[in-house]
Amino acid sequence: STFGVLVFAILLHKGFAAFAVAASLQGVAKRNGKLWWAFVIAFAFTGPIGLMVGLVFRAHVDGQGSACLQCIAAGTLLAVGINDMLMSALHDIGVWKKRKLFAAVF
């Protein structure tokens, strides 16, 4: 049951991520169709490969190893959230700057 919930959450996330990836690959599609398909296929395989790697680690890693992997995952999430999302939002000089900061803090 936990695995089913995890798969559902990943599928929801992949849907929004697919939209973002497609938007960022628009320029590539116009220049090189084969490269675009290579990126799309690589993106499509990240989910199943990640699930398989997670299942292997779940079966073979316990205790401190599991805690270490969770710390690495949490640190990666924080680094991406702060460096790639929050910092670029703070460089905005528009009306939404205070709202973005408020949303990030709370």
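The values are calculated or read from the model by the stated rules, or taken from the named source; none is laboratory data. Computed from a predicted structure; not experimentally measured. Because the Cβ atoms are built from the backbone with ideal geometry, glycine has one as well, and the counts that use them run over all protein chains shown. Heads up: the accessible areas ignore ligands, DNA and RNA and are worked out on the full protein's heavy atoms, side chains in. Shrake-Rupley method; radii C 1.70, N 1.55, O 1.52, S 1.80 Å.
The table below lists the values:
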read-out: Residue 34 being surrounded by 13 or more Cβ atoms within 10 Å (Cβ to Cβ) and assigned to a helix (DSSP H, G or I); value: no
read-out: Residue under evaluation residue 77, criteria (1) open to solvent by 90 Å² or more (accessible area, probe 1.4 Å); (2) over 28 Å from residue 105 (Cβ atoms), criterion not met; value: (2)
read-out: Answer from 80, 105 - the residue that is closer than 20 Å to residue 20 by Cα and free of Cβ contacts under 8 Å to residues at least 12 places away in the same chain; value: 80
read-out: From the options 63, 94, residue that is surrounded by fewer than 13 Cβ atoms within 10 Å (Cβ to Cβ) and closer than 28 Å to residue 22 by Cα; value: 94
read-out: Matching residues, region 52-104, being of a type in the set (Ser, Thr, Tyr) and over 20 Å from residue 3 (Cβ atoms); value: 76, 88
read-out: Matching entry among 8, 3 (being outside any loop (DSSP other than H, G, I, E, B) and under 16 Å from the mean Cα position of the chain (by Cα)); value: 8
read-out: Selection status of residue 29, surrounded by 10 or more Cβ atoms within 10 Å (Cβ to Cβ), at pLDDT below 85 and more than 17 Å from the chain's Cα centre (by Cα); value: yes
